[in-house]
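The values are calculated or read from the model by the stated rules, or taken from the named source; none is laboratory data. All values derive from a computational prediction rather than experimental measurement. Backbone-built Cβ (ideal geometry, glycine too); neighbour counts: all protein chains shown. Remember, those area values only see protein heavy atoms, side chains included, never the ligands or the DNA or RNA. Shrake-Rupley method; radii C 1.70, N 1.55, O 1.52, S 1.80 Å.
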Amino acid sequence: MGTYTIVVLPGDGIGPEVTEQAVRVLHEIGERYGHTFQSHQALVGVSAIEAEGQAISDATMQLCQKSDAILFGAIGGIPRYEGSSSQERPERALLRLRKELELFANLRPIRPFKALLNASSIKQEVLQGTDLLVVRELTGGLYFGKPSEIRETPQGLEAVDTLLYTEREIDRIVRVAFELARGRRKKITSVDKANVLSSSRLWRHIAERVASEYPDVTIDHLLVDTCAMQLVRNPTGFDVIVTENMFGDILTDEAAMLTGSMGMLPSASLGTRRTAHGLFGLYEPIHGSAPDIAGQGKANPIAAILTVAMLLRHSFGLEQEATTIEAAVERVIEAGYRTEDLKEAGKEVIGTQEMGKLIVDAMAA
Ligand code: IPM
Ligand code: MG
């Protein structure tokens with residue numbers, strides 16, 4: 001039993017609808033197990049720009065800093081903010097949170113549910129047994145390197161982004177991957193583009209150096225293009241993948257589709273700061289804000305709900321509570337209920353709220 005402070009940042013598009021179901025599950029767990037989850041809601045993204053002039057205000061940043069964990073919905077993807085001008089962009093909220101809270105390790109587990117093997121566009125026999133974890137570096141590389149700008153020259157416009165990694169940044173993320181691999185099948189694939197990029201050659205060098213401290217874990221190096229191919233050719237060949245920020249962004253959208261829908265995958269962003277309860281972290285579904293279906297009540301809340309399970313496990317050490325949520329999700333899927341994104345012949349299509357309710361009910365079973 002304990003009291004935990006959680007900042008809830010629903011964000012844009014379908015963010016608020018799916019987060020509402022996630023919070024519902026969180027409070028159900030609180031009641032069932034006797035924990036007090038104090039949740040504070042704040043604005044990020046488009047709603048924050050419109051109400052507070054910034055994608056995330058300093059006050060919200062402070063609220064986050066003082067909390068035990070953050071539950072994040074989705075952000076961005078709103079066409080009127082997609083221009084090339086320097087106006088505030090909603091995505092900046094997420095990037096600021098990651099950078100200022102030093103959440104450098106992004107964990108994205110990919111394990112398709114058995115009952116959903118059919119929902120993927122990849123053949124069942126290829127998918128069967130897939131259980132991989134992508135450890136994505138989250139506070140370096142192209143996302144944060146300076147300069148990053150579009151500028152005028154006498155010959156016309158030009159643009160630059162900077163891919164910078166320090167030895168320290170690579171070392172600490174690779175170490176996270178090795179530690180996690182020890183609790184799994186002890187196999188690491190470090191993904192880079194060392195045949196072209198200097199940053200990747202440093203990455204490979206540091207990865208090898210860290211590997212020498214973990215003789216019980218095997219390491220392979222794979223070029224990112226080959227990795228993209230192997231993920232659909234032989235996904236069961238992977239255990240832990242560790243890679244830099246942009247490669248991780250791209251590969252995890254691809255890997256997500258192994259589970260049938262982007263609407264199924266949670267993620268955790270961790271650093272080294274500890275709270276009274278464990279490791280501080282930010283938790284978010286991998287999917288985006290899906291503005292095309294926002295407000296229609298048909299978004300899949302499962303990724304957001306599984307995100308709560310990750311939060312309880314990694315930030316509060318509440319393993320049994322996390323497993324209760326995951327088992328409830330599995331039960332509902334096995335019973336044949338599907339949201340629109342997972343539509344299959346013979347299965348019942350239900351909405352966001354109904355899915356949330358069924359999962360809450362299944363937790364009692
Ligand atoms: C993700 C998202 C973000 C990213 C966007 C919304 C900035 O795609 O978390 O994968 O690129 O990191
Ligand atoms: Mg992404």
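Non-local amide H neighbours of Val8 (under 5 Å, H modeled in plane, Pro and chain starts lacking H): which ones?
Amide H to amide H, under 5 Å and 5 or more residues apart or across chains, Val8 pairs with His40, Gln41, Ala42, Leu71.
Can you give the calculated 222 nm mean residue ellipticity of the chain, where each DSSP H run of n ≥ 4 adds -39,500 (n - 2.57) and the sum is split over every residue, rounded to the nearest 500 deg cm²/dmol?
Using -39500 (n - 2.57) per qualifying helix, the result is -12000 deg cm²/dmol.
As I understand it, the dipole of the chain uses +1 on the Cβ of Lys and Arg and -1 on the Cβ of Asp and Glu, about the Cα centre. Which of Thr130, Gln296, Ser261 lies farthest toward its positive end?
Value computed over the given set: Thr130.
Go through region 104-118 residue by residue and turn each phi into a ³J(HN,Hα) via Karplus (6.51, -1.76, 1.60, θ = phi - 60°); whole Hz please, and just put x for glycine and proline.
Computed from phi, the couplings for region 104-118 are 8, 10, 9, 9, 10, x, 10, 9, x, 6, 3, 5, 10, 3, 5 Hz.
Starting from region 334-365, pick out the trypsin sites (Lys or Arg not before Pro) whose DSSP state is loop and whose Cβ has at most 14 other Cβ atoms within 10 Å.
Qualifying residues, ordered by number: Lys343.
By the gyration tensor of its Cα atoms, with a ≥ b ≥ c the square roots of the eigenvalues, what is the shape of region 218-365: rounded for a/c under 1.5, prolate for a/b over b/c, or oblate?
Cα axes put region 218-365 in the oblate bin.
Sort His205, His40 by accessible area with a 1.4 Å probe, largest first. Kindly include the intermediate steps, with their values, before the conclusion.
On the way: His205 110, His40 75 Å².
Highest to lowest solvent-accessible surface, that is His205, His40.
Taking amide H positions as placed in the peptide plane 1.01 Å from N, state which residues far from Asp239 in sequence (5 or more) or on other chains have amide H under 5 Å from it.
Those qualifying (amide H under 5 Å, at least 5 residues apart or on another chain) are Thr189.
Which of rounded, prolate or oblate describes the chain when judged by the alpha-carbon gyration tensor and an a/c cut-off of 1.5? Mind showing how you got there, number by number?
Numbers: a/c = 1.39, a/b = 1.16, b/c = 1.19.
Rounded.
Which trypsin sites (Lys or Arg not before Pro) from region 120-180 combine a DSSP loop assignment with at most 15 other Cβ atoms within 10 Å?
Here the sparse-neighbourhood loop sites are Lys123.
Can you count the Lys pairs in region 114-259 whose Cα atoms are under 25 Å apart, with each pair 8 or more apart or on different chains?
Details: Lys114/Lys123; Lys114/Lys186; Lys114/Lys187; Lys123/Lys187; Lys146/Lys193.
Lysine pairs meeting both conditions in region 114-259 amount to 5.
Please work out how much accessible surface Glu100 shows to a 1.4 Å probe, ignoring ligands, DNA and RNA, in Å² rounded to 10.
Near enough 90 Å² of accessible area.
Just to be sure I understand: with springs between alpha-carbon atoms less than 10 Å apart, which residue in Ala328, Ala345, Ala115 has the highest mean-square fluctuation in the Gaussian network model of the chain?
In the Gaussian network model the winner is Ala345.
By Kyte-Doolittle mean hydropathy of at least 1.0 and Cα axial length of at least 18 Å, which whole DSSP H helices of the chain are selected?
Answer set is 302-316.
Could you pull the accessible area for Met262 with a 1.4 Å probe, rounded to 10 Å²?
Roll a 1.4 Å probe over it and Met262 shows about 50 Å².
Report, in whole Å, the centroid distance computed from the Cα atoms of region 323-357 and region 85-112.
Taking the Cα centre of each part, region 323-357 and region 85-112 sit 28 Å apart.
According to the square roots a ≥ b ≥ c of the eigenvalues of the Cα gyration tensor, what is the shape class of region 110-207, taking rounded for a/c under 1.5, prolate for a/b larger than b/c otherwise, and oblate for the remainder?
oblate
Which cross-chain or sequence-distant (5 or more) residues have an amide H under 5 Å from the amide H of Thr339, H modelled 1.01 Å from N in plane?
Close amide H contacts, sequence-distant or interchain: Ile350.
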